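Chemist: Could you have a look at this structure, given as structure tokens, before my questions?
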């Protein structure tokens with residue numbers, strides 16, 4: 001029985017009445033012995049007190065304990081299960097992930113896509129009070145997971161993402177527009193998109209800047225991340241002899257990504273290795289914190305029954321022993 005509280009603690013003042021009872025018992029039994037005049041006590045030397053002598057005192061102790069338990073019952077002990085009132089941090093976030101074939105480049109380990117998934121999963125695990133969604137895109141875009149607080153489901157969906165799930169290409173504008181449609185009706189104070197890409201917009205009916213302006217209209221902040229080293233990067237390339245690792249140029253439209261961030265009051269980042277990608281998510285995590293109030297839930301349960309039964313048992317024991325073993329024969 002954890003978290004015991006008392007509904008009527010004022011009854012504990014009754015414990016004060018036990019003190020004079022104990023004092024009176026001790027004073028009364030101090031000289032409470034029968035007297036008998038005999039010529040010699042030689043025959044009584046070495047005789048011990050019987051168990052009845054101690055038992056009569058034990059019965060008084062039972063009575064005091066029983067009365068204490070009755071007072072506890074009157075005080076109404078209750079156990080409480082609760083969640084405390086607290087201020088926590090929570091926002092709505094949609095992660096927009098490029099899954100085009102270029103994300104298989106190996107300048108991040110094991111490749112850009114897997115590194116991006118692993119870091120995002122760590123980010124999600126640390127934001128337990130947020131609603132987070134996932135949008136993926138390459139030649140087109142779709143919602144892999146709507147906004148949810150069930151992060152276990154979201155993480156499992158993250159793990160299932162593979163390049164080639166949809167037609168190849170880089171439709172940055174479509175990916176961002178899809179995220180905006182998921183966030184525009186949110187009532188949270190802060191709405192955020194984390195958009196990650198390693199290329200240049202070359203597909204889709206919506207231009208990235210147009211999508212950014214729509215996001216700005218709904219007060220959605222966009223953090224853009226360009227993934228890839230400077231210059232060249234090793235990547236799998238299909239050749240007549242099968243898939244081979246070749247050095248390919250890294251082409252990231254940083255100007256567009258910076259403009260998207262500027263329009264939406266966000267920030268642009270460049271991740272040239274795994275550690276920088278981790279640091280970027282840590283920085284976003286620190287910047288995006290909004291206070292929300294979590295209400296207390298409380299459930300109380302009465303716990304007086306055990307104390308009451310114990311008191312009854314002790315009182316019955318006293319009555320039984322006093323009228324059997326310690327019964328006075330008239």
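We did not get these values from a lab; they are worked out from the coordinates using the rules stated. Keep in mind that this is a model prediction, so the values were computed, not measured. All Cβ positions, even for glycine, are placed from backbone atoms using ideal geometry, and neighbour counts span all protein chains on display.
Chemist: Ranked from highest to lowest mean number of other Cβ atoms within 10 Å per residue, what is the order of the peptides 105-112, 8-15? Present the calculation step by step, with values, prior to reporting the outcome.
Modeler: On the way: 105-112: 19.9, 8-15: 12.2.
So the peptides 105-112, 8-15, ranked by packing, come out 105-112, 8-15.
Chemist: If we count other beta carbons within 10 Å of each Cβ, what is the order of 74, 104, fewest first?
Modeler: Values: 74 17, 104 20.
The most exposed by this proxy come first: 74, 104.
Chemist: Counting DSSP beta bridges with both partners in the stretch 87-294, what percentage is antiparallel, nearest 5?
Modeler: Values: 16 of 41 bridges.
Counting DSSP beta bridges with both partners in the stretch 87-294, the antiparallel share is about 40 percent.
Chemist: Quick check: the distance between the Cα centres of the stretch 115-131 and the stretch 243-262, to the nearest angstrom?
Modeler: Taking the Cα centre of each part, the stretch 115-131 and the stretch 243-262 sit 23 Å apart.
Chemist: Taking every eigenvalue of the Cα gyration tensor of the stretch 87-294, multiplying by 5 and rooting it, what semi-axes result, largest first, whole Å? Each step should come with its number before you reach the end.
Modeler: Working: eigenvalues 151, 65, 48 Å².
Equivalent-ellipsoid dimensions as semi-axes: 27, 18, 16 Å.
Chemist: Further question on the same structure: Does the stretch 124-237 come out rounded, prolate or oblate, given a ≥ b ≥ c as the square roots of the eigenvalues of its C-alpha gyration tensor, rounded meaning a/c under 1.5 and, failing that, prolate meaning a/b above b/c?
Modeler: Working: a/c = 1.75, a/b = 1.25, b/c = 1.40.
Note, shape of the stretch 124-237 comes out oblate.
Chemist: When a footprinting reagent is the concern and you count Cβ atoms within 10 Å, what order do 313, 241 take, fewest first?
Modeler: Numbers: 313 13, 241 6.
So the residues, fewest neighbours to most, are 241, 313.
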